[in-house]
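What follows is a set of notes on a single structure, which appears directly below.
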Amino acid sequence: MDSATLLEKLSTMLKVDQINTNHDDLYDASADRYKKYAKARKVLDVPLPVAIVYPDSTDEISRLLMFCNQNNVNVIPRGGKTATEGGLENWKELTIVIDALRLDKILKIDDYNMQATVQAGVPLQQLEDSVRKLGLTTGHSPQSKPVAKLGGLVATRSIGQFSTLYGGIEDMVVGLECVFPNGHVSRIKNVSRRAGGPDIRHIAIGNEGTLCYITEVTVKLFRYFPENNQFFGYLIKDVETGIKVLREVMVNGYRPSVARTYSEEDAAQHFYHFHKNQCVLIFMAEGNVGMVKAIANGIEQAVEKFADGILEKVDSKLIQDWFNHLNWSQKDIDDEFEGMKENDSHAGFTTEISADWGTIPLIYKNVMARIRSEFPRAGDLTMLGGHSSHSYCNGTNMYFVYNYKIKCNPEDEMRIYHHPLQTIIVEETLKLGGSMCHHHGIGKYRNEWTKEEHGSAYYMLETLKNAFDPKGIMNFGTIYPQEDGKKYR
Amino acid sequence: MKIVCLIKFVPDVEEFKYDYQRHVLIRENLKQILNPDDACAVACALMIKRSNPETVIEVVTMAPVSVSGHLEDLLRLNIDQAILISDIRFSGSDTFATTRVLARYLKQTTFDVILTGTHSLDGSTAQVPSQLAEVLGLPQMSNVVALDTSSFLKGKPSFDVEHDTSIMTFSVDLPAILSVSRDSAYKLPYVAYQDLNRDVSSRIRVLSHQELDLQPQETGLEGSRTEVRRSFVKNMIKKDKVILNNDREGIEAVYCYLHEHGFVP
């Protein structure tokens, strides 16, 4: 099938206004924020999708997927377009992007059973604003909250800034509806718990559009007590001290909604108003009065236990101010994009990994040492640091943060800077048994390590693909390594 | 058509760090970069070559052999050859001795034009191009901000020169020396990813005292006419950072600062 025939066939399945072939929009759809600089400079080297389509219903998606499956048309499911790892990048000539734009209805907010059901294209901010009117919260607050949509958040196994209390999206999704390439629609019902075999929600959660198209999700809701919020901040001696305090809080069973520690470099870019060139440790206690009191007490006890590494307490108002301005809006994204057209610079990149408490400091140390000694463009780095921002009973994440003077052609930037840096981070993480991606997903540029990430369990991942998408039409190149995709590296 | 680009590698002054206690510049680990005006000259030459692929570009520099890596990067940009004039005996040469060395090589070779930078970041005396013109008997012009390619290829280039608040257009008979300004729009391209490790080392020719048939008294400190009476590092005062809130008081403080310094009326 060629592009013209594909468009002709699509026009028999959808209305005219559901098919977008505008060149600028197709260019925009050909890559996500992974290649943001090359994209802004109009030098992307990947094919444009043939069309972006906007289905109105699950049935339409089912028919579209069946058609694509029968005709070997690659499908890229799309939500709020905030992907950062190439998950929305197109590697096939014959591709359509199925955008959740019109799946925009909040279907039900059930404040007694504490759950909300929405279509995939509902922006998280919209849902959050709606439930706040009832004194509730989704508890999900990724930095992309003003832009990201529920379908994409679930498909990428997203996490939010309050995860230590509320969990990641996988802890919030009660049930969902998804469509497979053969057109089959699966609905996973909404119950408080189940033991009916393996938890099949997790086939859809985090599939990154490689197995199915998520059309509807039901998430938990929580009581919201903003009046009780308490903020804590400290300047600390080093990252290791911060990790120890985080661990102490977590293993004692306390669940602050925010629990973070920053390296000196990362602290300097986030906390210009108080960092004093030191590492920073911050907490936010949230919930009902009793919870907040207990968590605050737990934080203070943990800080006291590691008092040798605590340099100074920070005014809690400064932490609160910072936190109130953390999310990036569509305007922030657009401003960065416009800036990249004129300047040889951008806002930097991140690579997020996770490991147990004992391993995280080692990975951090090894990565820093290797980048400084091995990365050929180390002299161009303007920022290299990291922070831990999501903690668990048994470990935490590390968000490596870096930026650099871009001294290369825009189309070469990722090969010369970001990917070699990410390679060091991933290699050091896998070497010590950590996970190479904590919450951004694998996308297309960490797929070279997917097998190593999963080891012998890759068999299960591969079998899922073979079972649900045997013809490989779903988001070619994402998660699963593809020989034919290497040319875009 | 052969273009010689006369270039210089200089310390990256943007990377200079200052020791506020000892009032000295910290020079350790300071990187060398291609002088920005010279980079514009090379970029201009590459632009001409894009219009006329027959053009041969030769870069010429007087520098330690440690700049070979930088020369290799230029060769990976479609520069044809590099001449590295390098000898420990050149160390300490002032602009007079440097001109003598460069002229010795340039008299041995052929060219249609010499493109170079107007100023260098480290010395900024702008003496070498005009001294070379004197020695070689060529016309020379500084502060070139634009060069017309088509007239250039016809053998009598017209070019724009920035002078205070005006831009004047000149033309010149070749051969000539044109000193390009960093205020020009010429920007050196980056080496493409696939060329980063291309071996171009065979296209660098190193010339020493011996090859140029120079006498010891002609170069280095001995061959220099400039005597440095005294040098000093300007004392710098570390200014504390002031952080203001985005409120009426903060805005007022910023406005007052800009007003006091003449940025706003």
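Values in this text are rule-based calculations from the coordinates and carry no lab data. If you're wondering where the values come from, they're calculated on a predicted model, not measured in any experiment. Counting neighbours? That spans all protein chains shown, and the Cβs are built from the backbone with ideal geometry, glycine included.
Descriptive notes on the structure:
- Net charge, B:Leu244 excluded, C-beta distance under 14 Å - Lys, Arg +1, Asp, Glu -1: -3
- By the count of neighbouring beta-carbon atoms within 10 Å, fewest first, A:Val147, A:Val191 end up ordered A:Val191, A:Val147.
- Relative counts (whole %) of C-alpha pair distances in region B:158-265, using bins that are 5 Å wide: 2, 6, 6, 7, 7, 9, 13, 16, 12, 7, 6, 5, 2, 1, 0
- Candidates per trypsin sites (Lys or Arg not before Pro) in region A:343-395, loop by DSSP, up to 16 other Cβ within 10 Å: A:Arg377
- You can think of it this way: the chain between A:Glu170 and A:Leu318 has 50.1 nm of extra reach, that is 0.36 nm per residue less the Cα-Cα gap.
- Candidates per chymotrypsin sites (Phe, Trp or Tyr not before Pro) in region A:89-162, loop by DSSP, up to 10 other Cβ within 10 Å: A:Tyr112
- Of the residues B:Lys154, A:Lys244, the one with the fewest other Cβ atoms within 10 Å heads the list, and the complete ranking is B:Lys154, A:Lys244.
- Taking θ as phi - 60° and the Karplus parameters 6.51, -1.76 and 1.60, the scalar couplings of region B:95-104 work out to 5, 5, 5, 4, 4, 4, 5, 4, 4, 4 Hz in sequence order, x denoting glycine and proline.
- Per the Debye formula on identical point scatterers at the alpha carbon atoms of chain B, with no solvent, log10 I(q)/I(0) at q = 0.12, 0.13, 0.15 Å⁻¹ is -0.82, -0.92, -1.13.
- Environment charge of A:Ile19, counting only residues whose C-beta is closer than 15 Å and scoring Lys/Arg +1, Asp/Glu -1: -1
- Pairwise FRET efficiency - A:Lys305 versus A:Lys365, Cβ, R0 = 22 Å, nearest 0.05: 0.45
- Annotation: amide H-H contacts under 5 Å for B:Val206 (H modelled 1.01 Å from N, sequence separation of 5 or more, or interchain): B:Leu84.
- Other-chain or far-sequence residues with amide H under 5 Å of A:Glu216's (modelled H): A:Ala120, A:Glu177
- Here the Karplus relation 6.51 cos²θ - 1.76 cosθ + 1.60, evaluated at θ = phi - 60°, turns the backbone of region A:209-218 into coupling constants of x, 9, 10, 7, 10, 7, 10, 8, 9, 10 Hz, with x for every Gly and Pro.
- At an R0 of 35 angstrom, the distance between the Cβ atoms of B:Ile88 and A:Asn277 translates into a FRET efficiency of 0.25.
- Relative to the dominant Cα principal axis of chain A, helix A:419-431 is inclined by about 70°.
- Between 0 and 90 degrees, the angle of helix B:127-136 with respect to the longest Cα principal axis of chain B falls at about 20 degrees.
- Folded to 0 to 90 degrees: helix A:330-342 orientation relative to chain A principal axis, Cα: 80 degrees
- Estimated 222 nm signal from helices in chain A, with DSSP H stretches of n ≥ 4 weighted -39500 (n - 2.57), rounded to 500: -9500 deg cm²/dmol
- Most simply put, region A:3-101 has about 20% antiparallel DSSP beta bridges, counting only bridges with both residues inside it.
- A simple rule links phi to the HN-Hα coupling: the Karplus curve 6.51 cos²θ - 1.76 cosθ + 1.60 with θ = phi - 60°, which for region A:266-279 gives 6, 4, 4, 7, 8, 10, 4, 7, 7, 5, 6, 6, 10, 6 Hz, with x for Gly and Pro.
- Cross-link pairs beyond the 20 Å C-alpha cut-off, checked among B:Lys17/B:Lys241; A:Lys220/A:Lys244; A:Lys365/A:Lys444; A:Lys237/B:Lys31: A:Lys220/A:Lys244; A:Lys365/A:Lys444; A:Lys237/B:Lys31
- Prolate/oblate/rounded call for region B:58-146, Cα gyration tensor, a/c under 1.5 rounded: rounded
- Full extension of the segment from A:Asn22 to A:Val251, taken as 0.36 nm per residue of separation minus the current Cα-Cα distance, would add 77.1 nm.
- Set of region A:237-275 residues, backbone N closer than 19 Å to the point 7 Å along the Cα-Cβ line of A:Asn297: A:248-257
- By the helix-only formula, in which each DSSP H run with n ≥ 4 contributes -39500 (n - 2.57) and the sum is divided by residues, chain B has a 222 nm mean residue ellipticity of -8000 deg cm²/dmol.
- Proximal charge balance of A:Phe271 [Cβ under 15 Å; K/R count +1, D/E count -1]: -1
- One quarter of the convex hull surface built on the alpha carbon atoms of the protein assembly as shown amounts to 39.6 nm², the projected area averaged over directions.
- Cβ-Cβ FRET estimate between A:Arg223 and A:Leu464, R0 fixed at 35 Å, reported to 0.05: 0.45
- Among beta bridges from DSSP that stay inside the protein assembly as shown, the antiparallel ones total about 65%.
- Over 27 Å between alpha carbons, listed pairs A:Lys149/A:Lys487; A:Lys36/A:Lys407; A:Lys305/A:Lys431: A:Lys149/A:Lys487; A:Lys305/A:Lys431
- Over region A:69-126, the hull volume per residue, using the convex hull of the C-alpha atoms, is 118 Å³.
- Less than 5 angstrom separates the built amide H of B:Tyr18 from those of B:Ile26, all sequence-distant by 5 or more or on a different chain.
- Mean Cβ count within 10 Å, highest first, over the residues of peptides A:227-234, B:157-164, A:134-141: A:134-141, A:227-234, B:157-164
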